[in-house]
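Asker: Before I ask anything, let me first share the structure, which is written out below as structure tokens.
The values are calculated or read from the model by the stated rules, or taken from the named source; none is laboratory data. The structure displayed is predicted, hence computed values, not measured ones. Because the Cβ atoms are built from the backbone with ideal geometry, glycine has one as well, and the counts that use them run over all protein chains shown.
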Amino acid sequence: MSQGKPQSDAKEASERIYLVSYPKIVLLYPTFVAAIVAGCIELFVKEGVVAQSLGLGFLWMFALNIVVLSFDFPRTTSLTLFFLLMAAGLGVVLGASNYPDLLPAVYNLVKEVKPFANSTFYFLFAGILGVMYVFVLIYERFDYWEVRPNELLHHHGVLSSLERFSAPSLRITKEIDDVFEYLLLGSGRLVLHPSNEPRAFVLDNVPFITSKEARITKMLGALQVQLREDGPRPAGVAD
């Protein structure tokens with residue numbers, strides 16, 4: 001008897017699926033990692049070509065992240081076009097650097113661009129993003145959704161306000177609006193349609209959306225089967 005309740009609690013916990021709609025700043029984690037790596041390297045390399053390459057690499061990563069946050073790439077075609085433009089721009093810069101007479105105007109511009117930053121700058125940049133991530137982790141504790149086999153719960157507010165919706169006949173819609181966001185965190189948009197609620201609930205930027213959508217679908221499918229099996233039997237049918 002003593003082992004029955006822990007096993008029941010563990011099973012109940014495993015049947016809960018938590019959904020959090022994160023702000024887009026979480027997609028800046030590549031820049032966060034790049035700032036830490038560049039800061040560590042800059043501790044040993046104070047100046048020269050390596051320091052300049054660090055600055056260029058960090059700016060490139062930051063610019064790429066800003067593009068991801070600013071624009072949506074709903075199809076792989078737009079993603080391919082973006083990488084082609086990036087490759088063409090990089091080819092022009094490298095060509096002008098190695099062959100000054102080919103594009104003298106571009107060469108003169110590239111020659112004047114010498115981004116340098118010390119380790120303090122990189123660590124401060126990473127620290128600012130780190131503080132923002134801490135606030136995001138705190139925020140998610142006060143606004144999240146919980147899917148259970150028989151109900152949908154919305155936890156929100158400092159005082160843990162709770163809204164309950166019936167899980168049977170719950171419809172969910174998965175949308176991948178940005179290929180970049182999906183590549184970075186497997187994130188997308190999840191739309192919840194409770195059967196007894198006229199409005200739909202839209203959760204943007206839900207990480208690992210494919211696996212969570214599959215788990216919810218499996219849970220709801222098992223619930224529908226259970227409801228059909230536990231339904232009223234026709235008259236005259238013996239147990």
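Asker: Evaluate the range 12-26: report whether one residue or more is among the hydrophobic types (A, V, I, L, M, F, W, C), modelled with pLDDT under 85 and part of a helix (DSSP H, G or I).
Answerer: Scanning the range 12-26 turns up at least one residue that is among the hydrophobic types (A, V, I, L, M, F, W, C), modelled with pLDDT under 85 and part of a helix (DSSP H, G or I).
Asker: Based on what the data block shows, is residue 195 on the phi > 0 side of the Ramachandran plot and either touching a Ser or Thr at 6+ places or on another chain (Cβ under 9 Å) or outside the structural domain of residue 18 (by TED's automatic domain parsing) (or both)? I'd like the intermediate steps shown before the answer.
Answerer: Values: on the phi > 0 side of the Ramachandran plot: no; either touching a Ser or Thr at 6+ places or on another chain (Cβ under 9 Å) or outside the structural domain of residue 18 (by TED's automatic domain parsing) (or both): yes.
So residue 195 does not fit the description; no.
Asker: Considering the range 109-126 alone, what residues qualify as being assigned to a helix (DSSP H, G or I), over 20 Å from the mean Cα position of the chain (by Cα) and at pLDDT 85 or above?
Answerer: The answer is 119, 120, 121, 122, 123, 124, 125.
Asker: For residue 74, are the conditions met, namely being within 20 Å of the chain's Cα centre (by Cα), surrounded by 12 or more Cβ atoms within 10 Å (Cβ to Cβ), in contact (Cβ under 8 Å) with a residue 24 or more places away in the chain and outside any helix (DSSP H, G or I)?
Answerer: yes
Asker: Please go through the range 16-36 and give me each residue that is without any contact (Cβ under 8 Å) to a residue 40 or more places away in the chain and surrounded by 16 or more Cβ atoms within 10 Å (Cβ to Cβ), ordered by number.
Answerer: Within the range 16-36, just 34 meets the criteria.
Asker: Pick out the one residue from 211, 187, 160 that is loosely packed, with under 13 Cβ neighbours inside 10 Å and within 15 Å of the chain's Cα centre (by Cα).
Answerer: 211
Asker: Which of (1) closer than 27 Å to residue 37 by Cα; (2) surrounded by fewer than 12 Cβ atoms within 10 Å (Cβ to Cβ) is the odd one out, the single condition residue 105 does not satisfy?
Answerer: (1)
Asker: Go through the range 153-239 and tell me which strands (runs of 3 or more DSSP E), entirely inside it, have 1 or more residues that are at pLDDT 75 or above and more than 22 Å from residue 22 (Cβ to Cβ).
Answerer: Strands (runs of 3 or more DSSP E) meeting the threshold: 161-166, 171-175.
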